[in-house]
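*Asks:* Please see the structure below; I have some questions.
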Amino acid sequence: DVKVTQSSRYLVKRTGEKVFLECVQDMDHENMFWYRQDPGLGLRLIYFSYDVKMKEKGDIPEGYSVSREKKERFSLILESASTNQTSMYLCASSRTGNNSPLHFGNGTRLTVT
Amino acid sequence: AQRVTQPEKLLSVFKGAPVELKCNYSYSGSPELFWYVQYSRQRLQLLLRHISRESIKGFTADLNKGETSFHLKKPFAQEEDSAMYYCALSLNQAGTALIFGKGTTLSVSS
């Protein structure tokens, strides 16, 4: 069974702090994704990566960056956290192929005060 | 523009009643569609995909290209079906362009 692990379940950070959200998957998936989940807005894609060191912007990349130095790990970075980045962040991974389902982590609830 | 529309934010039904969660899509290509579900305090997970033509937990979904719909149906709702449901559309062969609807919360009460 695929496991996608997000390092923190809850995080509280202050405005202006640099925040790292870590995600690791154990099934050698090529694709990894970062979404944020907000009530009434559904899931919005921030960034994705289809290979090591490759990254592509999603729908809402502003204020975020990512890093994929190893195939199993995909990090989301908030360079300078702001209160409007308070959200649930979901990491997901998948094999290449349009019928391949996404496997999600448990999510990180980030609060920026 | 490609999009996925789930018109209902909340759907409340009684146990044993039929359920239909609506999903409409806008896409000029050949669509690959999915339903994902998130139960309380659990991770988001795949429920079913149209290409599999399967029934999972009593749910089915048929792709209707004429109506550009992929509604999720279950003849008799159970309380354990209460969850958030997302419809999703894959836009490319690589599977890296997935559009989600805004989700529908299904509440089943006894």
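*Asks:* In the stretch A:94-103, is there at least one residue being among the hydrophobic types (A, V, I, L, M, F, W, C), at pLDDT 95 or above and under 14 Å from the mean Cα position of the chain (by Cα)?
*Replies:* Initial filter on the stretch A:94-103 (among the hydrophobic types (A, V, I, L, M, F, W, C)): A:102.
Pick out the ones that are also at pLDDT 95 or above and you get none.
No: the stretch A:94-103 contains no residue that is among the hydrophobic types (A, V, I, L, M, F, W, C), at pLDDT 95 or above and under 14 Å from the mean Cα position of the chain (by Cα).
*Asks:* Additional query: All but one of (1) free of Cβ contacts under 8 Å to residues at least 12 places away in the same chain; (2) touching a helix residue (DSSP H, G or I) at 6+ places or on another chain (Cβ under 7 Å) hold for A:GLY63; state the number of the condition that does not hold.
*Replies:* The one condition A:GLY63 does not meet is (1).
*Asks:* In addition: Being assigned to a loop (DSSP other than H, G, I, E, B) and among the hydrophobic types (A, V, I, L, M, F, W, C) is the filter; apply it to the stretch A:23-82 and report the residue that is surrounded by the most Cβ atoms within 10 Å (Cβ to Cβ). Working first, answer last.
*Replies:* In the first step, residues of the stretch A:23-82 are kept if they are assigned to a loop (DSSP other than H, G, I, E, B); the result is A:26-30, A:39-41, A:50-55, A:58-63, A:71-72, A:79-82.
Now drop any that are not among the hydrophobic types (A, V, I, L, M, F, W, C), which leaves A:27, A:41, A:52, A:54, A:60, A:81.
Details: A:MET27: 13, A:LEU41: 13, A:VAL52: 13, A:MET54: 11, A:ILE60: 14, A:ALA81: 21.
Applying the filter and picking the extreme gives A:ALA81.
*Asks:* Filter the stretch B:12-27 down to residues that are assigned to a loop (DSSP other than H, G, I, E, B) and away from chain A (no Cβ under 14 Å) and give me whichever is surrounded by the most Cβ atoms within 10 Å (Cβ to Cβ). Lay out the reasoning, then the answer.
*Replies:* Taking the stretch B:12-27 as the starting set, the residues that turn out to be assigned to a loop (DSSP other than H, G, I, E, B) are B:15-18, B:22-23, B:27.
Restricting the remaining residues to those that are away from chain A (no Cβ under 14 Å) gives B:15-18, B:22.
Working: B:LYS15: 13, B:GLY16: 11, B:ALA17: 13, B:PRO18: 10, B:LYS22: 17.
Ranking the candidates gives B:LYS22 first.
*Asks:* Can you find, within the stretch B:43-57, the residue that is farthest from the other protein chains (Cβ to nearest Cβ) among those that are touching a His at 6+ places or on another chain (Cβ under 9 Å) and in a strand (DSSP E or B)?
*Replies:* My answer is B:GLN45.
*Asks:* Also: What are the pairs, 6+ residues apart or on separate chains, where a residue within the stretch A:98-111 that is more than 7 Å from chain B (Cβ to nearest Cβ) has its Cβ under 6 Å from a residue that is outside any strand (DSSP E or B)?
*Replies:* Sorted first by the residue in the stretch A:98-111, then by its partner, the pairs are A:HIS103/A:VAL2; A:THR108/A:SER8; A:THR111/A:THR86.
*Asks:* Considering only the stretch B:89-99, I want to know if a residue exists there that is modelled with pLDDT of 95 or more and buried (at least 16 other Cβ atoms within 10 Å of the Cβ). Step through it out loud before you land on a result.
*Replies:* Restricting attention to the stretch B:89-99, the residues satisfying the condition of being modelled with pLDDT of 95 or more are none.
Scanning the stretch B:89-99 turns up no residue that is modelled with pLDDT of 95 or more and buried (at least 16 other Cβ atoms within 10 Å of the Cβ).
*Asks:* Shifting gears a bit: Of these, B:SER40, B:SER30, which one is surrounded by fewer than 13 Cβ atoms within 10 Å (Cβ to Cβ), without any contact (Cβ under 8 Å) to a residue 12 or more places away in the chain and assigned to a loop (DSSP other than H, G, I, E, B)? Spell out how you get there, then give the answer.
*Replies:* Details: B:SER40 fails: without any contact (Cβ under 8 Å) to a residue 12 or more places away in the chain.
None of the others qualify; the one that does is B:SER30.
*Asks:* Checking A:LYS57 against (1) within 14 Å of another protein chain (Cβ to nearest Cβ); (2) within 22 Å of B:CYS87 (Cβ to Cβ), which single condition isn't satisfied?
*Replies:* Exception for A:LYS57: condition (2).
*Asks:* If you check A:GLY42 against the conditions, is it touching a Cys at 6+ places or on another chain (Cβ under 9 Å) and either within 8 Å of chain B (Cβ to nearest Cβ) or hydrophobic (A, V, I, L, M, F, W, C) (or both)?
*Replies:* Against the criterion (touching a Cys at 6+ places or on another chain (Cβ under 9 Å) and either within 8 Å of chain B (Cβ to nearest Cβ) or hydrophobic (A, V, I, L, M, F, W, C) (or both)), A:GLY42 does not qualify.
The values are calculated or read from the model by the stated rules, or taken from the named source; none is laboratory data. Just so it is clear, the structure is predicted and the values come from calculations on it, not from any experiment. Glycine gets a Cβ as well: all are built from the backbone with ideal geometry, and neighbour counts include every protein chain shown.
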